[in-house]
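Working notes for the structure below.
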Amino acid sequence: MRFIFSYLKKYGWYLGFIVLVKLAGSLLELLLPYVLEYMVDEVAPVGDAWRAVAWGIVMIVLALACRWLNVFANRRSSGVAKDATYRIRKDLFWHSVNLSGSQMDDFGLPSITSRMTSDSYNIQNFIRSIFAMGVRAPILLLGGIVVTLSLDPAMAAVLCVIAPIVIVCVVLISWKGIPLFDAVQQRLDTVVRIMRENITGILVVKALSKEDYERRRFAQANRDLTRQERTASIVMTMPGPVMNFFLNVGLTIVVIVGAYRVNAGAAKPGVILSFLIYFNMILQGAMGLNRIFMMLSKANASANRIALVVNCPEDLTPIPAAEAAPCPGDGHIIFDKVCFRYGENSTAATSAQFAGGERQMSLQDISFSLAKGSSLGIIGATGCGKTTIVNLLMRFYDATEGHIFVNGRDVRSYDRDELHRLFGVVFQNDVVFADTIAENIRFGRDVPDSVLPRAAADACAAEFIEQYDDGYRHAAAIGGANFSGGQKQRLLITRALAAKPEILVLDDASSALDYKTDALLRRAIREHYREATTIIIAQRVSSILTLDKILMLQEGKILGLGTHAELLESCPAYREIYEAQMGEGE
């Protein structure tokens, strides 16, 4: 709960004011039965109509004041809850997008999504309710007991016996709910993950007629979530029946004792009437405390999950220049004996990287150098480490062994934004956002409109963009669903080219392009982006055979490094791929 209250510190005086207003409203609410008892026992027997009307007006004023104060406090606490939750979501989003690759692997995207949605909602609901019910409920419970003691100590003694039993039951049972609700949120992570997988891969599911299989898989996860929610709800709803039982038993005893005392002349009828109302208030207070503890259990579990992300330390901070490794050469990009192993929770590692239950190296002893303005093609089987090289170059992960240098500097010495500004990148599973084509290309960068057509022409995207009546103002659907695969890739390449990057990385960015368009793209890059150091990851030899160097990878190791002609002579694996692909082309 310390995490939640850290976001409420700035509202200290304001929250104190809300508490005072809520306290005043609750105290006025406690006065109403007392005034009613006075009217029944003191005013009514006298038969003074004006006095009765005057006290009736007092009751109306008290009721209206009580209502207004409670509504005012509830609205203000709701505003604080919204503002605090907004700041929590903002911090959660900021820390989520700044997680390193390994940290994101540990948390998982579905879990981050559920923390942003259901967990933040649980916290908002708790903050709103703690000031709405957190003041009123104990005031009604304890204040009701105190007032009944002043009215008739004998009947109030029943409450003094029952109230501690009720409170202890509520606290003990509610405390058991905290780990249960944490388990509920973990089950929710699984449901969100399956939903996300099916929504993003809906075409594959339909194409393979796997709807029934995925429906069963989701149904199982949903059943597990429902079962866990049911268990948590059963535990957390147990205080309700317990309280009702003891309070109703107490109410019955009070009525019986009160009847005997009225008959004996030791109590007045108005006291019995007010006792019944106070009993109802005490019951409301006890039920309110039960709800508070239930929301507290949910909020505590949710706050702990969010705090894990928000308080997660940065593990890729820039290192001081004095601690950086010395650059071994004068290349623009240098990999020096780089080895890398993904973490246990990484989804980027392949099953081939397990042996005897131990995670194996994804990259082993990778060394190469690229001069400024030169080009490198990387080719190899799926899972051989091609994308991992890009991940390390852009420092999404740190190398397990060895060093990487850009412009003569260890990449670990760069500030993240300083390093990433050097790159124009199209990733293997890149994203088109629900925005205009122009904004998808610009992507928040200071790229003038005059540059967009040139970059689009180089990426062979201008021809389909300019077919739209609204051109670059044409809206893209979520994920680029209104574009073909080739159009989406050309749009993404346009984004990478638009800022004239110092280093251009295309990770399997031409897989959906026909051979003619692929050739035009490569020629445009050679002619118009000569100063950019280019790295192209591809499955097709035709996409990289004209580049200055080609790196052939197999199971994270370098099989060959050289020009196309050199690899044909020295690398049998490369020659086999070339002959197979070019033979199919012929």
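The values are calculated or read from the model by the stated rules, or taken from the named source; none is laboratory data. Not measured: the values here are computed from a predicted model. When we count neighbours, we look across all protein chains shown, and the Cβ atoms used for this are built from the backbone with ideal geometry, even at glycine. Ligands, DNA and RNA are stripped out before the accessible areas are found, and what is left, the full protein with its side chains, is counted by its heavy atoms. Shrake-Rupley method; radii C 1.70, N 1.55, O 1.52, S 1.80 Å.
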For residue 542, only one of the following conditions fails: (1) open to solvent by 30 Å² or more (accessible area, probe 1.4 Å); (2) over 38 Å from the mean Cα position of the chain (by Cα); (3) over 25 Å from residue 441 (Cα atoms); (4) at pLDDT below 90. What is its number? (1)
Residue check, residue 411 against (1) under 28 Å from residue 314 (Cα atoms); (2) buried (at least 20 other Cβ atoms within 10 Å of the Cβ); (3) of a type outside the set (D, E, K, R); (4) touching a residue at least 24 places away in the same chain (Cβ under 8 Å), all met but one. Which one? (4)
Please go through the range 554-586 and give me each residue that is under 11 Å from residue 377 (Cβ atoms), of a type in the set (A, V, I, L, M, F, W, C) and not in a helix (DSSP H, G or I), ordered by number. 561
Listed by range, helices (runs of 4 or more DSSP H) wholly within the range 140-240 having at least 3 residues that are under 27 Å from the mean Cα position of the chain (by Cα) and modelled with pLDDT of 80 or more are 177-200, 211-237
So, in the range 548-561, how many residues would count as being more than 38 Å from the chain's Cα centre (by Cα) and either open to solvent by 20 Å² or more (accessible area, probe 1.4 Å) or free of Cβ contacts under 8 Å to residues at least 24 places away in the same chain (or both)? 6
Screening 290, 304, 248 for residues that are surrounded by fewer than 17 Cβ atoms within 10 Å (Cβ to Cβ), among the polar types (S, T, N, Q), over 30 Å from residue 338 (Cα atoms) and modelled with pLDDT under 80 leaves only 248
Of the conditions (1) under 17 Å from residue 374 (Cβ atoms); (2) modelled with pLDDT under 90, residue 584 fails just one. Which one is it? (1)
Regarding residue 48, is this residue in contact (Cβ under 8 Å) with a residue 60 or more places away in the chain and acidic (Asp, Glu)? no
Residue in the range 196-217 that is touching a residue at least 24 places away in the same chain (Cβ under 8 Å) and surrounded by 14 or more Cβ atoms within 10 Å (Cβ to Cβ) present: no
Evaluate the following for residue 22: is it touching a residue at least 24 places away in the same chain (Cβ under 8 Å), among the charged types (D, E, K, R) and either touching a Cys at 6+ places or on another chain (Cβ under 6 Å) or closer than 29 Å to residue 144 by Cα (or both)? yes
